[in-house]
Amino acid sequence: MDIRTGLPPRRALLTAGLAVAAAAGALSGCSAAGAPKGTAAAPEPRPATPEAAFARLMAGNRRWVSGDLEHPDRDPQRRELVALAQAPFGVVLSCIDSRVSPELIFDTGLGDLYVLRTGGQAIGPVVTGSVEYGPMTGGTPLVVVLGHQRCGAIEAAYESLRDGKPLPGNLQAIVKALEPAYELTVKDPGPDPVDTMIHHQIKVTADDLRANDDLGPLVKKGSLGVVGAYYSLDTGKVAILTGAPA
């Protein structure tokens, strides 16, 4: 631990490196706004609060929707900068679906996000521990549980539970993890029960993470935000369901 910064030494090194890179860009007359997209512009400061991290992600998603992408932090200089240490500003727990890539959806780059992907955002001790890693060891200020439209994992789990037909192999473990969301859906299925279950799964997972013994205290003191969000495959837009930082 670096007593001057309160950060682990490698994290302090990366923070200092980011500051030096930003200063170098300013002295040379370069800025993120003036540099060609996808080139080695001075990196933006790492968001330090849930509000700032949330704003950064949502700005990136708006660029994704409009097609006006910046492709930040995706050059050799960025690779070299984060080679020794990382300081991601967000954790995203999303589905394994090939159409839902958090780094693309939020127009981020190398070293910006911790990303976990499981079928239907199913969680268990290993996944929860992986989500906790950034906030608990490096002060990552934001966690996003990102579900999505037409989730095949949740559709399969819904049908399995509805029909009483277990899925083969370890797929049944995913079904078991999604059962709480299914039970809520049975009570009020709405016009599209699968989409209703997707929304319930996002909220249940975000609520569980927000209230757990390790992340809960960080949320209460305001150093961590846990957001539940829904991604539209049709539009590319991320809609916030729960936990948006004020």
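The values are calculated or read from the model by the stated rules, or taken from the named source; none is laboratory data. Since this is a predicted model, take the numbers as computed values, not measurements. Because the Cβ atoms are built from the backbone with ideal geometry, glycine has one as well, and the counts that use them run over all protein chains shown. Keep in mind that these areas ignore ligands, DNA and RNA; they rest on the heavy atoms of the full protein, side chains included. Shrake-Rupley method; radii C 1.70, N 1.55, O 1.52, S 1.80 Å.
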Among the listed residues LEU93, LEU113, LEU84, which satisfies the condition of being over 15 Å from GLY228 (Cβ atoms), crowded, with 21+ Cβ neighbours inside 10 Å and not aromatic (Phe, Trp, Tyr)? LEU113
Hits in segment 173-215 - residues which are farther than 27 Å from GLY134 by Cα and small (Gly, Ala, Ser): GLY190
Residues satisfying the stated conditions in segment 111-144, i.e. closer than 20 Å to ALA156 by Cβ and assigned to a helix (DSSP H, G or I): GLY119, GLY120, GLN121, VAL127
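Looking at segment 191-214 only, could you name the residues that are over 11 Å from GLY147 (Cα atoms) and either in a loop (DSSP other than H, G, I, E, B) or open to solvent by 50 Å² or more (accessible area, probe 1.4 Å) (or both)? So that I can check it myself, show each step before the final result.
First pass over segment 191-214, keeping only residues over 11 Å from GLY147 (Cα atoms): 191-194, 196, 204, 207-214.
If the condition is that a residue be over 11 Å from GLY147 (Cα atoms) and either in a loop (DSSP other than H, G, I, E, B) or open to solvent by 50 Å² or more (accessible area, probe 1.4 Å) (or both), then PRO191, ASP192, ASP207, ASP208, ARG210, ALA211, ASN212, ASP213, ASP214 are the ones that fit.
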Please find, among GLY119, GLY134, GLY147, the residue that is in contact with a Phe, Trp or Tyr (Cβ under 6 Å, 6 or more places away or on another chain) and surrounded by fewer than 23 Cβ atoms within 10 Å (Cβ to Cβ). GLY134
Would segment 157-168 turn up any residue that is under 19 Å from the mean Cα position of the chain (by Cα) and surrounded by 13 or more Cβ atoms within 10 Å (Cβ to Cβ)? no
All positions within segment 230-246 that are modelled with pLDDT of 95 or more, in a loop (DSSP other than H, G, I, E, B) and hydrophobic (A, V, I, L, M, F, W, C): LEU233, ALA244
Report, by residue number, each residue of segment 163-193 that is more than 25 Å from ALA244 (Cβ to Cβ) and in contact with a Phe, Trp or Tyr (Cβ under 8 Å, 6 or more places away or on another chain). TYR182, PRO193
Say we look at segment 22-75 and pick out the residues that are at pLDDT 95 or above, hydrophobic (A, V, I, L, M, F, W, C) and more than 28 Å from SER223 (Cα to Cα); which of these is most open to solvent (accessible area, probe 1.4 Å)? VAL65
For segment 215-231, check the following and say yes or no: at least one residue is over 12 Å from GLN121 (Cβ atoms), hydroxyl-bearing (Ser, Thr, Tyr) and open to solvent by 30 Å² or more (accessible area, probe 1.4 Å). yes
Test for ARG78: is it touching a Leu at 6+ places or on another chain (Cβ under 8 Å) and surrounded by fewer than 18 Cβ atoms within 10 Å (Cβ to Cβ): no
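Out of VAL227, VAL194, VAL204, VAL186, which single residue is of a type in the set (A, V, I, L, M), touching a strand residue (DSSP E or B) at 6+ places or on another chain (Cβ under 7 Å) and modelled with pLDDT of 95 or more?
VAL227
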Looking at segment 96-107, can you tell me whether even one residue there is crowded, with 18+ Cβ neighbours inside 10 Å, under 21 Å from VAL126 (Cα atoms), at pLDDT 95 or above and within 12 Å of the chain's Cα centre (by Cα)? yes
